[in-house]
Amino acid sequence: MDAVTLRNRLVVATSIWRESVREPLPRMEPGKPADQVQQFEIALVERMMAGATPENAREVADRTWDLVHDRPDADPVKARVTVLHEELARRTHLGD
């Protein structure tokens with residue numbers, strides 16, 4: 001993954017974290033930058049899902065999809081978002 005794409009992913013995820021989670025950013029473990037960004041994105045998605053309610057489920061779905069919509073289906077973060085969207089739909093009124 002090139003540096004520009006990686007930086008853009010980090011900027012998007014950081015913005016969503018600050019707007020949605022409203023807590024300090026999590027500490028990243030040492031490692032490859034691409035792995036760090038992916039771990040951060042997954043932590044973001046999991047955190048948003050944990051706070052999902054029937055009232056904000058659509059917003060959570062939209063925000064998490066904003067993170068991954070242009071990625072290939074094999075992307076691990078997109079795969080996780082897809083699973084969580086299915087779970088949101090089962091637990092909430094997204095289908096209404």
(message) Could you tell me the relative contact order of the chain? Use alpha-carbon pairs under 8 Å, at least six residues apart, and round to a whole percent.
(response) 26 percent
(message) Could you check the spin-label model distance between Ala79 and Asp35? Points 7 Å from the Cα along Cα→Cβ, value in nm.
(response) 1.7 nm
(request) Could you pull out the GluC sites (Glu not before Pro) across segment 1-66 that fall in loop regions by DSSP (anything but H, G, I, E, B) with no more than 12 other Cβ atoms inside 10 Å? (result) Glu55
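Neighbouring Cβ atoms within 10 Å as the yardstick, rank Thr5, Thr82 fewest first.
Going from sparsest to densest Cβ surroundings: Thr5, Thr82.
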(request) Using Cα centres only, tell me the gap between segment 1-41 and segment 44-62 in whole Å. (result) 18 Å
(message) With n ≥ 4 as the cut-off for DSSP H runs, can you work out [θ] at 222 nm for the chain, using -39500 (n - 2.57) per run divided by the number of residues, rounded to the nearest 500?
(response) -22000 deg cm²/dmol
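Readers should treat all values here as calculations from the given coordinates under stated rules, not as data from a laboratory. Fair warning: this is a prediction, and the values are worked out from it, not measured in the lab. Glycine gets a Cβ as well: all are built from the backbone with ideal geometry, and neighbour counts include every protein chain shown.
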